Amino acid sequence: MIQVAAQVRILVAVEPVDFRCGIDGLARVCRERLREDPFQGAVFVFRNRARTALKLITFDGQGYWLCHKRLSAGRLRWWPAARGEPAAALLAHELQVLLCAGDPTATQAPPAWKPLTMKP
């Protein structure tokens, strides 16, 4: 399992990508389709058309990491819907659920941060 800190920006590409792409092809998708700089340290998540595999790329300052997960059975149950944006943001715990082929929107986790209120 990948360990991702809560502060890391995670972007999920809404549209599927051609999984014949390697790191350079996925970095190009980040720049052209997602309009994001792949060198900024965000984790980018992609899926194939059949919803049976995920690829993640991130730049750590020295080079790219590429992670590929293929499900041995079944398909991904959840993926963000296209609402005019090319990518959707996820929180670190939601990425962990997605990597287990779960639905990150159904985690019922408490919010990552909530403001403190001062009582008089």
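How about the range 48-77: which of its residues are surrounded by 15 or more Cβ atoms within 10 Å (Cβ to Cβ), hydrophobic (A, V, I, L, M, F, W, C) and in contact with a helix residue (DSSP H, G or I) (Cβ under 8 Å, 6 or more places away or on another chain)? Hits for the range 48-77 are LEU54, ILE57, PHE59, LEU76.
Please determine whether any residue of the range 54-77 is within 17 Å of CYS100 (Cα to Cα), outside any helix (DSSP H, G or I), in contact with a Gly (Cβ under 9 Å, 6 or more places away or on another chain) and among the polar types (S, T, N, Q). Within the range 54-77 (the criterion being within 17 Å of CYS100 (Cα to Cα), outside any helix (DSSP H, G or I), in contact with a Gly (Cβ under 9 Å, 6 or more places away or on another chain) and among the polar types (S, T, N, Q)), the answer is no, since none of the residues qualifies.
Looking for something touching a residue at least 12 places away in the same chain (Cβ under 8 Å), polar (S, T, N, Q) and within 19 Å of CYS100 (Cα to Cα) - is there at least one such residue anywhere in the range 39-51? Looking for residues that are touching a residue at least 12 places away in the same chain (Cβ under 8 Å), polar (S, T, N, Q) and within 19 Å of CYS100 (Cα to Cα), one finds at least one in the range 39-51, hence yes. Against the conditions (1) modelled with pLDDT under 90; (2) more than 21 Å from LEU26 (Cα to Cα), SER72 satisfies every one except (1).
Taken over the range 32-42, the criterion of being farther than 22 Å from GLU94 by Cα and loosely packed, with under 12 Cβ neighbours inside 10 Å is satisfied by GLU32, ARG35. Remark: pairs (first residue in the range 61-82, free of Cβ contacts under 8 Å to residues at least 60 places away in the same chain; second residue among the charged types (D, E, K, R); Cβ separation under 6 Å; 6+ apart in sequence or on different chains) = HIS68/LYS55; ARG75/ARG51; LEU76/ARG51; ARG77/ASP103; TRP78/ASP103.
Suppose we filter VAL45, VAL97, VAL29, VAL17 for residues that are part of a loop (DSSP other than H, G, I, E, B) and surrounded by 12 or more Cβ atoms within 10 Å (Cβ to Cβ); which single one remains? Spell out the reasoning first.
Working: VAL45 fails: part of a loop (DSSP other than H, G, I, E, B); VAL97 fails: part of a loop (DSSP other than H, G, I, E, B); VAL29 fails: part of a loop (DSSP other than H, G, I, E, B).
Exactly one of VAL45, VAL97, VAL29, VAL17 is part of a loop (DSSP other than H, G, I, E, B) and surrounded by 12 or more Cβ atoms within 10 Å (Cβ to Cβ), namely VAL17.
The values are calculated or read from the model by the stated rules, or taken from the named source; none is laboratory data. Because the structure is a prediction, the values reported are computed rather than measured. All Cβ positions, glycine included, derive from the backbone under ideal geometry; neighbour counts span all protein chains shown.
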